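The structure under discussion appears below in the form of structure tokens.
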Amino acid sequence: IPVNPFDLVIFGATGDLARRKILPGLFHRFRVGQMPLESRIIGAARSNMSGDAFRDQVRAALEEFVAADQRPSDDLAAFLERLYYVQVDATGAAGWSELAQLLRPDMIQAFYLSVSPDLFGSIADQLSKRGIATPDTRIVVEKPFGRDLASAKALNADLLRSFDETQIYRIDHYLGKETVQNLMALRFANSLFEPLWNSTHIDHVQITVAEEIGVAGRGGYYDRSGAMRDMVQNHLMQLLCLIAMEPPARFEPNAVRDEKVKVIEALGAVTPDNIVRGQYRDWNGMSGYPEDAGAPDSRTESYVALKLAVANWRWAGTPFYLRTGKRLRTRASEIAVVFRDPPHMIFPPMEGRKGNALIIRLQPDEGITLRTTIKEPGPGGMRLKEVDMDMTFADALGSDLHSQDAYERLIMDVIRGDQTLFMRGDEVEAAWSWADPLIAAWEESPLRPVAYDAGGSGPEESLMLLHRDGRRWRAIG
Ligand code: BG6
């Protein structure tokens, strides 16, 4: 379904995110007919460049990041015709009137700030003080949204000086992933799971985001962040919220986000014995973190595992175990909801029983698996066996699923004016309020992260988090 025509200004249009994600995403939406022909994409950046030079850069980016069979030359040429460039000085006077001239009052207007967060405030101020923004203007910002509560509050204040919260779209690209959205459908469009979705029936939840890539190439940023700031405070927190939240009364941005904030606010404090920080070391020909990050003595963690309690009526007694790390054996993200055993077993005990579980695979290979217990076929008596009832979305729903990236969906939601999948200011602040003491305690402690082998399955210590509770992580990869 096409959206209404729009003018989208991308500040930082020559940067990495724009080249890898934003522009390829828009191109896909254009190809499938969702981006109307009258729309304009206006690149804005510091460099002095002609429109043609900008279009050449975008063409090169699309050639690099869009598969050849997905970019027929007619479509590419037609897309490039919709592109404009203005040289704008984010903190000075140059370029703003040229930008204003390219914007059409009867179109939806969105400004994507794909720039360093220190520029959010001045760009927002300029847009408002120069009369470029209207009450309907949308402003899109990217993570990192702060590095602690104080900086996140300052960024919120910077934006809120010129814009209303209803105009601000804070992207967490995990919320744009198909399966992540499906979590809400799974929970709230079925009557099957929700009655069991509480600590009476759920033993524990595991959330895993394992990455194969290391930090090479972005060590400068990463070494000042670490996995807590880079992944846990945002992406894993969002996944946790979607699993743990109460059903909102309506599928509306504020109704959904109110429920998510309540989950974050219900998180109990995490004691040091419930958190494991790791850093990968060179192994088997693969370089280690210090080399990749260019930071020989770094104490930055590239892996975190933690055990969390959501202290409310629904979840008291059901731990949530989270883990994420770089340079692991494989790329695999999933959520496993593990159910309690039946209260009374009438069959002979089953060796190695893992129990019922609902596994939601986010990537790769998106899908849902329900692990159930059945009778082993054959005349051997009432012997039990666990089998997976598996639904891989690509098989069940066709391959279209894979052709949409999270950014494409989210950008189209911006144009539609739907904030449901974007983080509200208070949500980001609540997540920092939770993460700040953990990060501060770590920064003050003399400990080093535990080492794990590059290409392995993470630190041994993270196994202990579950072992000591009589549980185990699901194997990944
Ligand atoms: C980003 C992090 O937000 O998410 C990266 O900054 C990480 O460090 C990436 O690699 C993971 O995203 P995805 O979509 O590849 O799982």
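Derivation of every value follows stated rules applied to the coordinates shown; laboratory data play no part. Being a predicted model, the structure only gives us computed values, none of them experimental. Note that we place each Cβ from the backbone using ideal geometry, even for glycine, and neighbour counts take in every protein chain shown.
With neighbour counts taken as other beta-carbon atoms within 10 Å, the residues TRP197, TRP313 rank, fewest first, as TRP313, TRP197. Rounded to two decimals, the Cα-based Rg/Rh of the chain, with Kirkwood Rh, is 0.99. Using +1 on the beta carbon of Lys and Arg, -1 on that of Asp and Glu, and nothing else charged, what's the dipole of the range 59-145 about the Cα centre, debye to 20? It works out to roughly 300 debye. Inverting the pair-averaged 1/r between distinct Cα atoms of the range 313-382 gives 15.3 Å as its Kirkwood hydrodynamic radius. Pairs of Cα atoms nearer than 8 Å and 6+ residues apart set the relative contact order; for the range 367-477 it is 12 percent. Charges were assigned to the Cβ only: +1 to each Lys and Arg, -1 to each Asp and Glu. The resulting dipole of the chain about its Cα centre is roughly 700 debye.
FRET efficiency for the pair ALA269 and ASP125, taken as 1/(1 + (r/R0)^6) with r the Cβ-Cβ distance and R0 = 30 Å, rounds to 0.20. Taken as Cα centroids, the range 47-71 and the range 206-267 sit 32 Å apart, rounded to the nearest whole angstrom. Treating r as the C-beta distance of SER151 and MET382 and R0 as 45 Å, the FRET efficiency rounds to 0.15. Working note: 222 nm ellipticity from helices only, DSSP H runs with n ≥ 4, each -39,500 (n - 2.57), summed and divided by the residues of the chain, gives -9000 deg cm²/dmol to the nearest 500. In order along the range 226-234, the Karplus-derived 3J(HN,Hα) couplings, from 6.51 cos²θ - 1.76 cosθ + 1.60 at θ = phi - 60°, round to x, 5, 4, 6, 6, 10, 6, 4, 10 Hz, and Gly and Pro are given as x.
Here the peptides 142-153, 13-24 are ranked by packing, the mean other Cβ count within 10 Å, and the order with the highest first is 13-24, 142-153.
Dipole orientation for the chain: of the candidates GLY278, LEU103, VAL9, GLY278 has the Cα lying most toward the positive pole (charges on Cβ; Lys, Arg +1; Asp, Glu -1). Between the range 305-356 and the range 122-181, what is the C-alpha centre distance in whole Å? Cα centroid to Cα centroid, the span is 35 Å.
Axis of helix 120-129 versus longest Cα principal axis of the chain: the two differ by about 40°, to the nearest ten degrees. Calculated on the Cα set of the range 167-316, radius of gyration then Dmax: 17.9, 53 Å.
Computed from point charges on the beta carbon alone (+1 for Lys and Arg, -1 for Asp and Glu), the dipole magnitude for the range 321-477 about its Cα centre is near 780 Debye.
Under 5 Å from the amide H of GLN363 lie the amide H atoms of SER333, each residue being 5 or more positions distant or on a separate chain, with H modelled from the backbone and absent for Pro and chain starts.
Within the range 13-60, the percentage of alpha carbon pairs spaced more than 12 angstrom apart rounds to 65%. Fewest-first ordering of ASP405, ASP292 by other beta carbons within 10 Å of each residue's beta carbon gives ASP405, ASP292.
Think of the range 344-448 as having a plus end and a minus end, set by charges on the Cβ of Lys, Arg, Asp and Glu; of PHE422, GLY380, SER445, GLY380 sits farthest toward the positive end of this dipole.
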